[in-house]
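Report on the structure given below.
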Amino acid sequence: GNSVTQMEGPVTLSEEAFLTINCTYTATGYPSLFWYVQYPGEGLQLLLKATKADDKGSNKGFEATYRKETTSFHLEKGSVQVSDSAVYFCALSETSGTYKYIFGTGTRLKVLA
Amino acid sequence: DAGVTQSPTHLIKTRGQQVTLRCSPKSGHDTVSWYQQALGQGPQFIFQYYEEEERQRGNFPDRFSGHQFPNYSSELNVNALLLGDSALYLCASSPQGYEQYFGPGTRLTVT
């Protein structure tokens, strides 16, 4: 079946450091891919998305490129801030039927001042 | 335009009780999906409703049931609550199952 694998956290970085959170997926067809962010005690916020191979999603300095050949969708940011501290979820949308979302287990990011 | 809304925000129940959670979809969306997010985990798909019918179900027992009303709003019911049902329950709406928009969630605590 379809699945999403994320690097385990927590990831601890100093402010202004470069961030990479790895995400790989297994899926039939060509799913859409997403990154969501969750702040403590809150729901999910869509951070960025990509709907086809080689698409780059970007938002608030975060970027991720849909790589079909490596089945990956790694999240990157050039310079993190303390306010980026949160849990990040990679997800895919199945390509037929209900288009249900399958999430990874999440990666906690902690940015130190 | 209001987004997806859920009620209540928080809920505390006792083992064995029953609970009903509610979701109002984003305007123009006719499909509602429910997800369970246990502490420290990613959300897991419970089921999806479209045209008042359950269209697909995840790996959850029959204690979890739902309903969709003609105005597309939805309810999630959980019977015979277990401690393990404590989680954040997320509702997501979409136009016929395409890109889903998530609500803020209902945090259920079972004691």
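Computed quantities for the displayed model
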{"item": "Some residue of the stretch B:3-22 being more than 11 Å from the chain's Cα centre (by Cα), under 30 Å from A:R108 (Cα atoms), crowded, with 21+ Cβ neighbours inside 10 Å and facing chain A (nearest Cβ under 10 Å)", "result": "yes"}
{"item": "The lone exception for B:G16 - which of (1) without any contact (Cβ under 8 Å) to a residue 12 or more places away in the chain; (2) over 24 Å from A:E94 (Cα atoms) it fails", "result": "(1)"}
{"item": "Subset tally (residues that are within 11 Å of chain A (Cβ to nearest Cβ), of a type in the set (G, A, S) and surrounded by fewer than 21 Cβ atoms within 10 Å (Cβ to Cβ)) for the stretch B:57-96", "result": "1"}
{"item": "Selection count, the stretch B:50-87, where residues are modelled with pLDDT under 95 and in contact with a Lys or Arg (Cβ under 7 Å, 6 or more places away or on another chain)", "result": "1"}
{"item": "Single condition B:P104 does not satisfy, out of (1) under 13 Å from the mean Cα position of the chain (by Cα); (2) surrounded by fewer than 20 Cβ atoms within 10 Å (Cβ to Cβ); (3) within 14 Å of chain A (Cβ to nearest Cβ); (4) part of a strand (DSSP E or B)", "result": "(4)"}
{"item": "Residue selected from the stretch A:31-54 under the condition within 14 Å of chain B (Cβ to nearest Cβ) and over 13 Å from the mean Cα position of the chain (by Cα), by the criterion surrounded by the fewest Cβ atoms within 10 Å (Cβ to Cβ)", "result": "A:P40"}
{"item": "Subset of the stretch B:27-45 (residues that are under 17 Å from B:T106 (Cβ atoms), more than 10 Å from chain A (Cβ to nearest Cβ) and buried (at least 18 other Cβ atoms within 10 Å of the Cβ))", "result": "B:V32, B:W34, B:Q36"}
{"item": "Selection count, the stretch A:64-111, where residues are in contact with a helix residue (DSSP H, G or I) (Cβ under 8 Å, 6 or more places away or on another chain) and of a type in the set (A, V, I, L, M, F, W, C)", "result": "2"}
{"item": "Odd one out for A:E16 among (1) surrounded by 16 or more Cβ atoms within 10 Å (Cβ to Cβ); (2) away from chain B (no Cβ under 14 Å); (3) at pLDDT 95 or above", "result": "(1)"}
{"item": "Residue check for A:E76: charged (D, E, K, R) and under 11 Å from the mean Cα position of the chain (by Cα)", "result": "yes"}
{"item": "Residue among B:L88, B:L83 that is over 14 Å from the mean Cα position of the chain (by Cα), more than 20 Å from B:S27 (Cα to Cα) and among the aliphatic types (A, V, I, L, M)", "result": "B:L83"}
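The values are calculated or read from the model by the stated rules, or taken from the named source; none is laboratory data. Only a predicted model underlies this, so the values are computations on that prediction, with no experimental measurement involved. Neighbour counts run over all protein chains shown; Cβ positions are idealised from the backbone, glycine included.
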